[in-house]
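Every number in this text was worked out from the coordinates using simple rules, so none of it is lab data. Everything quoted here is computed from the prediction, not taken from an experiment. Because the Cβ atoms are built from the backbone with ideal geometry, glycine has one as well, and the counts that use them run over all protein chains shown.
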């Protein structure tokens, strides 16, 4: 566990040859573990659960961790699961996997495709790879538990709920994740990506943008559709707001400042011949800097109020920031060590140059230790079948990714065997970089 005055070193004593030997010793158990990892993945994919509803998934994770000897706590910050495996003196390494699914209709055609729907008929799918993350988390926990002579320290396995709503990590921390179970020395996480299976992408510093979810409620005055002169039309007002919002990135920010402002929902009215009283807009904001995010949010409010005033709206709009997620910033030293370990294990050709990802995560909340920041490393693992990748048009990874199914789409499906094996290996190797060597780490 971390001590404020004497934090455990995570630089580790391993030379490259020692790391290889330790990884071979630990991952020798992977073939025995993979059938259960595969079964868990298929079960989770077929039975996805939305954010905050992950009871069944959490139970599966908890049961498997207990079977491997972890001390398990349930219902941390909702359906969060924490498993602790103490194995002598050394750093505490937190391994995180998110468990929730999305309201997306599956179109993969897989035999284990989700047919789950909510009571309201909304489809549910693991369209962001969290089933892969969870299965690989459990697989990594299992191989580490079965090779305790190869490492020293404490492994903290965290099955996290509600990542898609950016609420789960903070909820677990607010429920005492660090005060009850100890502050880790490092936090490791990974995410699927529409890159070729067997490849990995790392980026030092900012790797994913921070986000904000904004709701605008615009007020008008309803009337008959044939008498628009008697109304203050919130649909026209909303359309003006949408168009003006597009100028924030192009005119209010420097070309050197990265940001995204997207209106993802625009709801107003029920009939063609009725001008409604209100319009509702929901936006997502992505920025690579907290100060830029504040400026973008201020511009959204300014534009909404200005357009409402120009339209003669009966009252000012309501502007709500529903949730926010911080920038995902990798610790440079830790990320270099993880990247180098992956290069050693998988080969340099398996590494893809890192780029800034405009998607967001609540993973960076885990960096907020109670007394000092906790180093974090978060990387991407390719899951696209090789044949699909090779047949996709384009010369660069960015061009090819535009032609293969990506996250949050109904066709997002991994190369199952390669993704599960690669995900277990990548998380295990990264954990071993941080844990101390055990008494029998090297084959003699």
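Using Cα pairs under 8 angstrom and six or more residues apart, how large is the relative contact order of region 210-325, in percent?
Relative contact order comes out at 45 percent.
Based only on other Cβ atoms within 10 Å, what is the fewest-to-most ordering of 243, 335, 99?
Least to most surrounded, the residues fall as 243, 335, 99.
Using a Gaussian network model of the chain with C-alpha springs under 10 Å, which one of 41, 378, 112 is most mobile by mean-square fluctuation?
Result: 112 has the largest fluctuation of those listed.
What shape does region 117-177 have by the C-alpha gyration tensor, where a ≥ b ≥ c are the square roots of the eigenvalues, rounded means a/c under 1.5, and otherwise prolate means a/b greater than b/c and oblate the rest?
It is oblate, given that a/c is not under 1.5 and a/b is not larger than b/c.
If I histogram all Cα-Cα distances within region 273-315 using bins 5 Å wide from 0, what percent of pairs lands in each bin?
Distribution as computed: 5, 16, 22, 20, 16, 10, 7, 3, 1 percent.
Mind checking the angle between helix 16-27 and the chain's longest principal axis? C-alpha axes, 0 to 90 degrees, to the nearest 10.
80 degrees
Classify region 352-444 as rounded, prolate or oblate from the Cα gyration tensor: take a ≥ b ≥ c as the square roots of its eigenvalues, call it rounded if a/c is under 1.5, otherwise prolate when a/b beats b/c and oblate if not.
It is oblate, given that a/c is not under 1.5 and a/b is not larger than b/c.
Counting DSSP beta bridges with both partners in the chain, what percentage is antiparallel, nearest 5?
Antiparallel: roughly 70 percent of the beta bridges in the chain.
If a paramagnetic tag sat 7 Å from the Cα of residue 230 along the Cα-Cβ line, which residues of region 254-277 would have the backbone N under 20 Å from that point?
Of the residues in region 254-277, 269-277 have backbone N under 20 Å from the label point off residue 230.
Stick to the Cα atoms of region 72-172, pair each with every other, and give me the Kirkwood hydrodynamic radius in Å at one decimal.
With all distinct Cα pairs of region 72-172 included, I get 15.2 Å.
Report, in degrees rounded to the nearest 10, the 0 to 90 angle that the Cα long axis of helix 130-145 makes with the longest principal axis of the chain.
With rounding to tens, the tilt is 20 degrees.
Take the chain, connect every pair of alpha-carbon atoms lying under 10 Å apart with a spring to form a Gaussian network, then pick out the residue of 182, 269, 205 with the largest mean-square fluctuation.
Of 182, 269, 205, the most mobile in the Gaussian network model is 269.
Relative contact order (percent) for the chain, with alpha-carbon contacts under 8 angstrom and 6 or more residues of separation?
It comes to 25 percent, rounded to a whole number.
Send over the Kirkwood Rh of region 210-325, from the inverse of the averaged 1/r over different Cα pairs, rounded to one decimal Å.
Evaluated on region 210-325, it is 14.6 Å.
Against the globular-protein guess of 2.2 N^0.38 Å, express the Cα radius of gyration of region 45-130 as a ratio, rounded to two decimals.
1.29
On C-alpha positions alone, give me the angle between the axis of helix 30-46 and the longest principal axis of the chain, in degrees, nearest 10.
20 degrees
Indicate the gyration tensor shape class of region 154-240 (rounded, prolate or oblate), computed on the Cα atoms with a ≥ b ≥ c the square roots of the eigenvalues: a/c under 1.5 is rounded; otherwise a/b larger than b/c is prolate and the rest oblate.
prolate
For region 128-179 and region 35-72, compute the distance between their C-alpha centroids and round to whole Å.
When both Cα centres are located, 11 Å separates them.
What does the convex hull of the Cα atoms come to per residue for the chain, in Å³?
Per residue, the Cα convex hull of the chain comes to 158 Å³.
Over the alpha-carbon set of region 293-365, divide Rg by the Kirkwood Rh and report the Rg/Rh ratio to two decimals.
In region 293-365, Rg relative to Rh is 1.29.
For the chain, what is the mean residue ellipticity at 222 nm derived from helices alone (per DSSP H run of n ≥ 4: -39500 (n - 2.57); sum divided by total residues; nearest 500 deg cm²/dmol)?
-10500 deg cm²/dmol
Given the C-alpha centroids of region 194-237 and region 354-416, what is the distance between them in whole angstrom?
Taking the Cα centre of region 354-416 as reference, the centre of region 194-237 is 22 Å away.
Roughly how compact is region 27-82, stated as its Cα Rg over 2.2 N^0.38 Å to two decimals?
Cα-based Rg divided by the globular estimate yields 1.22.
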